[in-house]
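The values are calculated or read from the model by the stated rules, or taken from the named source; none is laboratory data. Keep in mind that what you see is a predicted model, and the values were worked out from it rather than measured. Cβ placement follows ideal geometry from the backbone for every residue including glycine, while neighbour counts extend to all protein chains displayed. With ligands, DNA and RNA removed, areas are computed over all heavy atoms of the protein, side chains included. Shrake-Rupley method; radii C 1.70, N 1.55, O 1.52, S 1.80 Å.
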Amino acid sequence: MFRLWIKIALLCAISLSLTELSCGLFDFRPIGMIIYPDTADSILPYPNSPVKLSFDTEMEKSGTESILQISSDAGVISGDRFWKDNDLYFVPIAGWTAGIRYTMSLLGTVRSVDGRELRIEHFVSFYAMNKNAPPLLTGHYPANGASAGTENVILEFYFSCPMEKISVETGLTVDGFGNKSFEWLADDKTLKLIPDKALSPWTAYRWNLKESAKSRDGVPLPKVFSGQFTTDKDQILPKVNKVFPVLFSDGQWFPTGANIETGLGPGQGIAVEFHKAMGENVLRSLRFEPSLSGRTEILTEKSIVYIFTKDPEPEIMYTLFVSGDTKDSEGLKIGSDYRINFIPDIPHLNILSLRFDNGTIVENFSAANPVIIPIDPATGELSFSIYFSQPFGDEEKKNSALLVLLAAFFPRTLPPVALQSVHWISNDRLFMTWGGLTAENNDEAHFYKLTIPGGKNGISSGAGIYMKEDATLFLRVIK
């Protein structure tokens, strides 16, 4: 009987020892965990505020990190995961965005270092900084698909709340725009976009406003906004209405009433009138064949005038071209060159008569016979006046008088003659006295040659008015 009790006692002791040993190898206590944030729609205070999982024991890190995922409507959020003691932190790489609803998902099994397991299936939503409603683009101008002009076009965008300027300006693009400026109104709820130069005509312009544009409190747009408009409001191409001569008087240019084909007179300009307002490149639109130098000035918003440096040549047909690239104020081109021919109504300078001091008058310089002119042998002087068809300006008087030439012609032994005096009797009459002439004797005749030079390098009464050719007269000098 005693042996039986000993056996029973021994078995109890062994059983108790096994029970104690078993309790030392296997820990069935649950793993403690605290989640932050863990209240639905909580608001993290800062853009870099961490999400945190706190455990009451040391965890297997890689497995624990793998069950943590944070997402939003834009997708999974990338972030840095790191440990401090038994706490796992998650900080977004790009920072949290205000007003965005995030969802933290914990799904899977985690294990502690001592072998315990914790099955987690937990979801919680939260915000950062605020959970204000996202801003909206409530309107814009021009309307989507609208027709617009090309000058003074200003795009306008209207928002539902005050906006953060920089994010909107960098998030707004307009295809085809170059440099531009921004103007904010209505407490930063209205944006004006102003291009630095006129837009191109008949062109579609598309704009986009990205979700990166934010309200003043940091909440981004919920989607991309876009639209387009076309600069086709003006459908009428510019054209030349008429071309006509103009005369400058009292500080203004006036139509002469003559036609351009045959009526352009000396000292006049050419006006070109269009049927609509033109752009500034109209000042570079004219050219001439043969070339004529001058400058172009604006007369009115629809007309220009070409001012010649000097008058066109007489009896030459010119062609005036208006370039097909000439643009109106909206940027529309004429399309093809406009041309018109004209012959200036600018006369050549002529000699109406030559009157000698003895009363002889010469009107025909083409006569072959020499003119017999008596002189006083004692003085050897010859005086005459030249009557021109056009009046001379003061400067032209000085230059032209010195070009008239009287020279001994035959025989070659005649002494040279010299100009003694010059006097303009009027604007169109020149009086000259020459000395050193000798009259013929019984043995031989004495001839002198009077030359009044013509052509572009000859005498000129004004810009572009000259004699067509030299006027030559042979004089037979007698006693």
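Return a yes/no flag: does segment 137-148 have any residue that is touching a His at 6+ places or on another chain (Cβ under 9 Å), modelled with pLDDT of 95 or more and either in a strand (DSSP E or B) or of a type in the set (A, V, I, L, M, F, W, C) (or both).
no
Quick one: count up the residues across segment 67-113 that are among the acidic types (Asp, Glu) and either open to solvent by less than 50 Å² (accessible area, probe 1.4 Å) or touching an Asp or Glu at 6+ places or on another chain (Cβ under 6 Å) (or both).
1
Considering (1) at pLDDT 95 or above; (2) more than 43 Å from the chain's Cα centre (by Cα); (3) not basic (Lys, Arg), say which one residue 115 fails and leave the rest.
(1)
How many of the residues in segment 181-200 are over 24 Å from residue 135 (Cα atoms) and either open to solvent by 40 Å² or more (accessible area, probe 1.4 Å) or touching a His at 6+ places or on another chain (Cβ under 7 Å) (or both)?
Result for segment 181-200: 4.
Anything in segment 440-462 that is assigned to a loop (DSSP other than H, G, I, E, B), open to solvent by 20 Å² or more (accessible area, probe 1.4 Å) and touching a residue at least 40 places away in the same chain (Cβ under 8 Å)? List them, or say none.
Within segment 440-462, just 453 meets the criteria.
If you go through segment 463-479, how many residues are under 30 Å from residue 307 (Cα atoms) and either in a strand (DSSP E or B) or of a type outside the set (Gly, Ala, Ser) (or both)?
Residues flagged as under 30 Å from residue 307 (Cα atoms) and either in a strand (DSSP E or B) or of a type outside the set (Gly, Ala, Ser) (or both) within segment 463-479 amount to 6.
Identify the residue in segment 312-343 that is touching a strand residue (DSSP E or B) at 6+ places or on another chain (Cβ under 6 Å), hydrophobic (A, V, I, L, M, F, W, C) and open to solvent by less than 20 Å² (accessible area, probe 1.4 Å) and, among all such residues, is nearest to residue 233 (Cα to Cα).
322
If you scan segment 265-280, which residues turn out to be out of contact with any helix residue (DSSP H, G or I) (no Cβ under 8 Å at 6 or more places or on another chain) and not charged (D, E, K, R)?
Once the filter is applied, which keeps residues that are out of contact with any helix residue (DSSP H, G or I) (no Cβ under 8 Å at 6 or more places or on another chain) and not charged (D, E, K, R), segment 265-280 yields 265, 266, 267, 268, 269, 270, 271, 272, 275, 277, 278, 279.
All but one of (1) at pLDDT 90 or above; (2) under 25 Å from residue 114 (Cβ atoms); (3) of a type in the set (Val, Ile, Thr); (4) open to solvent by less than 80 Å² (accessible area, probe 1.4 Å) hold for residue 34, so report the exception by its number.
Just one mismatch for residue 34, condition (4).
Please go through segment 354-394 and give me each residue that is of a type in the set (A, V, I, L, M), over 16 Å from residue 476 (Cβ atoms) and either under 60 Å from the mean Cα position of the chain (by Cα) or outside any loop (DSSP other than H, G, I, E, B) (or both), ordered by number.
Result: 361, 386.
Output the residue which, of all residues in segment 344-357 that are open to solvent by less than 70 Å² (accessible area, probe 1.4 Å) and in contact with a Leu (Cβ under 8 Å, 6 or more places away or on another chain), is modelled with the lowest pLDDT.
346
What pairs come out if I take residues in segment 184-211 that are farther than 29 Å from residue 161 by Cα and touching a residue at least 12 places away in the same chain (Cβ under 8 Å) and pair them with residues that are polar (S, T, N, Q) and not in a loop (DSSP other than H, G, I, E, B) whose C-beta lies under 8 Å away, six or more apart or interchain?
Between residues of segment 184-211 that are farther than 29 Å from residue 161 by Cα and touching a residue at least 12 places away in the same chain (Cβ under 8 Å) and residues that are polar (S, T, N, Q) and not in a loop (DSSP other than H, G, I, E, B), the close pairs are 202/230; 203/230; 204/228; 204/230.
Quick check on my filter: what residues within segment 395-426 are farther than 30 Å from residue 347 by Cβ, open to solvent by less than 90 Å² (accessible area, probe 1.4 Å), in a loop (DSSP other than H, G, I, E, B) and not β-branched (Val, Ile, Thr)? Let's see the steps before the verdict.
First pass over segment 395-426, keeping only residues farther than 30 Å from residue 347 by Cβ: 408-418, 420.
Checking the rest, the ones that are also open to solvent by less than 90 Å² (accessible area, probe 1.4 Å) come to 408, 411, 414-415, 417-418.
Adding the requirement that they be in a loop (DSSP other than H, G, I, E, B) leaves 411, 414-415, 417.
Correct list: 411, 414, 415.
Which number in (1) over 30 Å from residue 467 (Cα atoms); (2) loosely packed, with under 14 Cβ neighbours inside 10 Å; (3) touching a residue at least 12 places away in the same chain (Cβ under 8 Å) marks the one condition that residue 255 misses?
Residue 255 satisfies every listed condition except (1).
Consider segment 362-379. How many of its residues are open to solvent by 80 Å² or more (accessible area, probe 1.4 Å), within 26 Å of residue 468 (Cβ to Cβ) and of a type outside the set (S, T, N, Q)?
Of the residues in segment 362-379, 2 are open to solvent by 80 Å² or more (accessible area, probe 1.4 Å), within 26 Å of residue 468 (Cβ to Cβ) and of a type outside the set (S, T, N, Q).
Would you mind finding the one in 299, 283 that is open to solvent by 60 Å² or more (accessible area, probe 1.4 Å), assigned to a helix (DSSP H, G or I), touching a strand residue (DSSP E or B) at 6+ places or on another chain (Cβ under 8 Å) and not charged (D, E, K, R)? Show your work before the answer.
Values: 299 fails: assigned to a helix (DSSP H, G or I).
Answer to the selection: 283.
Against the conditions (1) part of a helix (DSSP H, G or I); (2) open to solvent by 60 Å² or more (accessible area, probe 1.4 Å); (3) among the hydroxyl-bearing types (Ser, Thr, Tyr), where does residue 64 fall short? Just the number, please.
(2)
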